[in-house]
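Everything below concerns the one structure shown next.
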Amino acid sequence: MAPAETFQESSSFLSDAQALIPKLVYTDEEPLETVSFEPDDTVFLRHRRVAQDPMSVHEETWYSTGADFIVDFEGHRTGYLSFDLDAQGINVDSPARLRLTFGEVPADVVEEFYPSKSWISTSWFPYEVISVDELPQKVQIKRRHAFRYVRFQVLEISPKFKVRFHNIKSHAVTSATNHVKPVDLDGFEVIDQVGLRTLRDCMQTVYEDGPRRDRRLWLGDLRLQALVNYVTFQNNDLVKRCLYLFAGLQVDGKIMACLYERPRPATSGDYIVDYELLFVVTLLEYVQATQDTATGLRLFPICRQILTRTLHDHIRDGLFTPQPEVWYFIDWQEQLDRQASIQGVFIFALKAAQQLGKLINVNVDYSKEIQELTQGAMSFFDTDKGVFVCNGQVSWASQAWMGMAQILPAEKHVQAILSAIEDPNAIKANTPYSYHYVLEALHRNDAKQQCLALAKTYFGGMVDRGADTFWEAYSENDSLFSPYHDVHNNSFCHAWSCTVSWFLRV
Ligand code: RAM
């Protein structure tokens, strides 16, 4: 296509996306009490919550330099904070310097952030230092935060006056407005509520990956959020908006891995092959959920381009062949050999394109490619052990993605997945993203009971360990696990972790 046409098409995708910006709804809430946290090795999140004063008592307290208290909003929200700051004394002869720290989990408000080993920016740490002049005053924190707890510290004020905090409020924000019928499945009620809250707090003017970090739209996360959305909040136009944003922001004809909305829509420059392939799947599922074949038709040429280019660049003799300097994601798991997993993603995406073509009446035939890649995939299968072995390595991810590709009879995929889970040497899933595909592969291969049983242990485990919303990364025996080498930079309300609410409804 000529560059001028490409430009025109991109800008029309973008203007369609911008026409679909959803309305945000705000809910004001107040904390019920102040709390403190005792270090406790016996609880997963390392700190035990201790109730302090009801807000009525706290609101009558006057504070000096060094004052320090934590309020608990009793549940996660994405939103803003405001409070009234009063002063009493001889006169207000200095600003009040405050530090506010926003906690998704207890560690955020009680552990030191620095020094940090994080390899992503520590400017994500959720705190701010503000100076307030001219008291009394209503203080409104401009930055949106993700939090259950807020720690207030009075860093410095003159000894001539004291301050009092009252009318502390959060202004929660989301574009998830529909009421969702709770599930009626024994033992899953709370787990489902946590899943729904996770999606609600990530649903803003796009499906954000995490309202704390990275606060942007990632393609791999989008597919999973969209699935949950179709059976819960049903803001399908938000999925459409996100698809058009990705389509409008192609770089060299590629769908990029993530994008920002503001100050104007732009990509981050990250490109992930497996995420790009999932664009095809996300479009298919959008059309299936909405019957919006017009959007399917409009975006299908992009799917064809994706498949033609990625097959050309990465497939040799039916086998996925990793290229240097290219990001293949699958999981935040350093030891994982991704070859078999990506092979599975390719087959899964090709089959999706085939199905989408039928749905929108476009004549495409990928059966030759599917056959070649399936043959290639079979070279990973160890018939004696009944598992896919990727260059000597057994991983949950390889079994999961081959299960998504459905190249064997269903029961063989189920066996492969279950035996990898049983194998203490197998490389496990480190994130709910990767775990999701283990569960989805079971589900697709008719092992719905096993899928729900594992979902209960996994997501229920997070709830038992203190999750109000589902976490970005979860290692059941290590609360300090972080893909970023510092748990304080993890996100504790993460889009890709909300999918239990989908499994409970399909
Ligand atoms: C994390 C993001 C996002 C994910 C990427 C690959 O940094 O939070 O959820 O899609 O990694």
Could you tell me which numbered condition ASP209 fails, if it satisfies all but one of (1) in a helix (DSSP H, G or I); (2) within 16 Å of the ligand (Cβ to nearest atom)? (1)
Pair list, Cβ under 7 Å, 6 or more apart: region 283-294 residue aliphatic (A, V, I, L, M), other residue at pLDDT 95 or above and not in a helix (DSSP H, G or I): VAL287/ILE360
Given the criteria on the phi < 0 side of the Ramachandran plot and surrounded by fewer than 17 Cβ atoms within 10 Å (Cβ to Cβ), does GLU422 qualify? yes
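Give me a count of the residues in region 212-234 that are away from the ligand (no atom under 11 Å from the Cβ) and either in contact (Cβ under 8 Å) with a residue 60 or more places away in the chain or open to solvent by 10 Å² or more (accessible area, probe 1.4 Å) (or both). Spell out how you get there, then give the answer.
Step one: list which residues in region 212-234 are away from the ligand (no atom under 11 Å from the Cβ), which gives 226-234.
Still in the list and also either in contact (Cβ under 8 Å) with a residue 60 or more places away in the chain or open to solvent by 10 Å² or more (accessible area, probe 1.4 Å) (or both): 226-228, 230-234.
Residues meeting the conditions: 8.
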So, VAL173, is that one more than 26 Å from HIS47 (Cβ to Cβ) and in contact with a Gly (Cβ under 8 Å, 6 or more places away or on another chain) or not? yes
Every residue from region 238-260 that is more than 17 Å from TYR286 (Cβ to Cβ) and open to solvent by 10 Å² or more (accessible area, probe 1.4 Å): LEU249, GLN250, VAL251, ASP252, GLY253, LYS254, MET256, TYR260
Give me the residue from region 192-206 that is open to solvent by less than 10 Å² (accessible area, probe 1.4 Å) and of a type in the set (A, V, I, L, M) and, out of that set, farthest from the ligand (Cβ to nearest atom). VAL194
Note on region 255-297: residues assigned to a loop (DSSP other than H, G, I, E, B), of a type outside the set (Lys, Arg) and more than 16 Å from the ligand (Cβ to nearest atom) are PRO263, PRO265, GLN291, ASP292
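Out of the residues in region 373-388 that are surrounded by fewer than 17 Cβ atoms within 10 Å (Cβ to Cβ) and assigned to a helix (DSSP H, G or I), which is nearest to the chain's Cα centre (by Cα)?
At the first step, the residues of region 373-388 found to be surrounded by fewer than 17 Cβ atoms within 10 Å (Cβ to Cβ) are 375, 378-379, 382-386.
From what's left, assigned to a helix (DSSP H, G or I): 375, 378.
Details: GLN375: 34, MET378: 32 Å.
Among those residues, the one meeting the criterion is MET378.
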Quick check on region 462-477: of everything there that is at pLDDT 95 or above and over 17 Å from the mean Cα position of the chain (by Cα), which residue is least open to solvent (accessible area, probe 1.4 Å)? GLY466
Go through (1) modelled with pLDDT under 95; (2) within 15 Å of LYS162 (Cα to Cα); (3) not in a loop (DSSP other than H, G, I, E, B) one by one and return the number of the condition GLU60 breaks. (3)
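Conditions tested, residue by residue: (1) among the charged types (D, E, K, R); (2) closer than 23 Å to PHE381 by Cα; (3) surrounded by fewer than 17 Cβ atoms within 10 Å (Cβ to Cβ); (4) touching an Asp or Glu at 6+ places or on another chain (Cβ under 6 Å).
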{"site": "THR431", "(1), (2), (3), (4)": "no, no, no, yes"}
{"site": "HIS436", "(1), (2), (3), (4)": "no, yes, no, no"}
{"site": "ALA441", "(1), (2), (3), (4)": "no, yes, no, no"}
{"site": "GLY460", "(1), (2), (3), (4)": "no, no, no, no"}
Close pairs (9 angstrom Cβ cut-off, 6 or more residues apart or separate chains): more than 26 Å from LEU307 (Cβ to Cβ) in region 255-274, of a type outside the set (Ser, Thr, Tyr) and more than 16 Å from the ligand (Cβ to nearest atom) anywhere: TYR260/ALA266; GLU261/ILE21
Conditions first: (1) free of Cβ contacts under 8 Å to residues at least 40 places away in the same chain; (2) part of a loop (DSSP other than H, G, I, E, B); (3) away from the ligand (no atom under 16 Å from the Cβ); (4) of a type outside the set (Gly, Ala, Ser). GLU334 passes all but one, so which condition is the exception? (3)
Take ARG77 and decide whether it is open to solvent by less than 70 Å² (accessible area, probe 1.4 Å) and in a strand (DSSP E or B). yes
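Being open to solvent by 60 Å² or more (accessible area, probe 1.4 Å), in contact (Cβ under 8 Å) with a residue 12 or more places away in the chain and not in a loop (DSSP other than H, G, I, E, B) narrows it down to one of LYS117, LYS169, LYS162, so name that one. Steps first, please.
Numbers: LYS117 fails: not in a loop (DSSP other than H, G, I, E, B); LYS169 fails: open to solvent by 60 Å² or more (accessible area, probe 1.4 Å).
Step by step, each of LYS117, LYS169, LYS162 is checked, and only LYS162 is open to solvent by 60 Å² or more (accessible area, probe 1.4 Å), in contact (Cβ under 8 Å) with a residue 12 or more places away in the chain and not in a loop (DSSP other than H, G, I, E, B).
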Test for ALA247: is it within 22 Å of PHE348 (Cβ to Cβ), in contact with a Phe, Trp or Tyr (Cβ under 9 Å, 6 or more places away or on another chain), more than 16 Å from the ligand (Cβ to nearest atom) and in a helix (DSSP H, G or I): yes
Test ASP28 against the stated conditions and say whether it is out of contact with any helix residue (DSSP H, G or I) (no Cβ under 8 Å at 6 or more places or on another chain), farther than 25 Å from ALA172 by Cβ, open to solvent by 40 Å² or more (accessible area, probe 1.4 Å) and not in a helix (DSSP H, G or I). no
Go through (1) more than 30 Å from PHE470 (Cβ to Cβ); (2) touching a helix residue (DSSP H, G or I) at 6+ places or on another chain (Cβ under 8 Å); (3) of a type in the set (Lys, Arg) for LYS368 and report which single condition fails. (2)
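The values are calculated or read from the model by the stated rules, or taken from the named source; none is laboratory data. Please read all numbers here as calculations on a predicted model, not as lab measurements. When we count neighbours, we look across all protein chains shown, and the Cβ atoms used for this are built from the backbone with ideal geometry, even at glycine. Protein only, heavy atoms only, side chains kept; ligands, DNA and RNA dropped before computing areas. Shrake-Rupley method; radii C 1.70, N 1.55, O 1.52, S 1.80 Å.
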